[in-house]
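The next block holds one structure in the form of structure tokens; read it before the comments.
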Amino acid sequence: MSNRREFIGASAAAAAAAALPFPAVAARAPIRIGAVLPFSGGLELFGNQAKIGIDLAVAEINAGDGILGSKVELLYQDNKTDPKTSVERTTQLIQREKVIAVIGPITSSARDAMLPTHRRLKTPLLYATNYEGGACDRYVFSFNTVPNQELEKLVPELVRRAGNTFYLFGADYVWPQKMFEQAEALIRSLGGKVVGKEFVPFGTKEFTPIVRRIEDSGAKVVLKALPGADGITFIKQAEDLGLMKKVTTGFLGFAETYLGAFGEGKGQNMWVTVPFAASIDDPKVKDFVARVRRSAGNEVPISHYVMTHYNAMKALQAASMKAGKADRESLVNGLEGLTLGIPTGPMTIGKADHHVTMSMYLARTEGAGLTVVQAMGAIAPLAGCAKK
């Protein structure tokens, strides 16, 4: 009798177990990554470009094995182009959402505001915007250009093509100020002269007086560091007032998204130095552009902000695989000294300064895009880290 009861009990237990969900292996929790970017406040042009690159990278990672077998969950936050909001959003992502890294922001003021939080909470910040240099910290990695990578070929080309008298004009914040410091030294070393320099606050709408001052200065070259909607407004007004026919413009921080906003036929023959152009005649670049088009649409401009943010996300995956773990400190260790294949060739993250060596291109605006004039090869960054 006891044997019969044991058999019935075992059968009942087996039936009950069969009725329950029975995964072979428990599903791995997703790896959470945060992104703090401007989707409002004046620089959403750049935030949207960054998102295109991040989304493509995440889709490709998750279509494969994820990161060490776990899918990636990307959590976006709008910092409204505001430093205080940036701190609030990154704190929320790290403490409440438990992200292992944050990608973003765009402005230097937002990055500098966020850095103490990242340092205190020991969470890496992957910064993929061109900037003035000097953000050197264990928990910060820069995936875009610093001044020497953008200026050292551009300024000599402007002198050669247009003349050696420069007017420097930009927004009144740290990136244009630092860019112009280095530009001035380079101009002087080439025997040139800065005949005017001025900065305007964000939100400036009327540029006619500045256009007149540039004309009166006799400058042959305008070096412009005025991002976002303000830069678009300036070029439109400069075109309407005839300035663009009288000077050659070097556009610092240029992105191909600008050209559609200037108006048909405007903003032509401006000179730039960039780490990527959608028109580069290389199979890997063409393949990258095709993948972006499939994911974001054929009409979306593809600037270097798309690629650098894509690179940052791919580097995060590669660093985790290198370290064998996906946590904050392992990610930092894995990123240091990492070499990664990107659409334009190899990219190497400095082990000490956390800035990238990558290929650069001299180009000019033509039609709705950029025409590459010279592939300049890999240029190492002068990161501006303070010597210890």
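Only the coordinates and a few stated rules stand behind these numbers; no lab work does. On a predicted model such as this, the values are computed, not experimentally measured, just so you know. Methodologically, a virtual Cβ is constructed for each residue, glycine included, from the backbone with ideal geometry; neighbour enumeration extends over all protein chains shown.
Two decimals is fine: what's Rg over Rh for the range 149-274, C-alpha atoms, Kirkwood radius as Rh? It would help to have the intermediate numbers written out before the result.
Numbers: Rg = 13.2 Å, Rh = 14.4 Å.
With Rh from the inverse mean 1/r over Cα pairs, Rg/Rh is 0.92.
Taking the Cα centroid of the range 46-109 and of the range 116-180, what is the distance between the two, rounded to the nearest whole Å?
Here the answer is 22 Å between Cα centres.
Straight-line reach only, C-alpha to C-alpha below 18 angstrom: list the aspartates and glutamates that residue 193 could link to, leaving out same-chain residues fewer than 8 apart.
152, 157, 181, 184, 215, 216
Which residue fluctuates most in the GNM of the chain (Cα springs below 10 Å): 311, 48, 130?
So, out of 311, 48, 130, the one fluctuating most is 48.
Go ahead and set up a Gaussian network model of the chain, Cα springs under 10 Å, then flag whichever of 297, 218, 337 fluctuates most.
Looking only at 297, 218, 337, the biggest GNM fluctuation is shown by 297.
Which whole number in µm²/s is D for the chain by Stokes-Einstein, with the Kirkwood Rh taken over Cα pairs at 4 °C and 1.567 mPa s? Don't skip to the answer; put the middle values down first.
Details: Rh = 22.3 Å.
So the translational diffusion coefficient is about 58 µm²/s.
Does the range 152-217 come out rounded, prolate or oblate by the C-alpha gyration tensor, with a ≥ b ≥ c the root eigenvalues, rounded set by a/c under 1.5 and, if not, prolate when a/b is larger than b/c and oblate if not? List each step's numbers first, then the result.
Numbers: a/c = 2.46, a/b = 1.45, b/c = 1.69.
It is oblate, given that a/c is not under 1.5 and a/b is not larger than b/c.
Towards the positive end of the charge dipole of the chain, with charges on Cβ (+1 Lys, Arg; -1 Asp, Glu), say which of 361, 85, 297 has the farthest Cα.
In the chain, that residue is 85.
How big is the convex hull of the Cα atoms of the range 250-309, per residue, in Å³?
On the way: hull volume 5.9 nm³, N = 60.
That works out to 98 Å³ per residue.
In the structure displayed, which of 51/325; 51/322; 224/284; 153/220 lie more than 27 Å apart, Cα to Cα?
Numbers: 51/325 25 Å; 51/322 25 Å; 224/284 31 Å; 153/220 18 Å.
Checking Cα-Cα distances, 224/284 exceed 27 Å.
Given a 10 angstrom Cα cut-off, can you work out which residue in 375, 63, 110 is the most mobile in a GNM of the chain?
63
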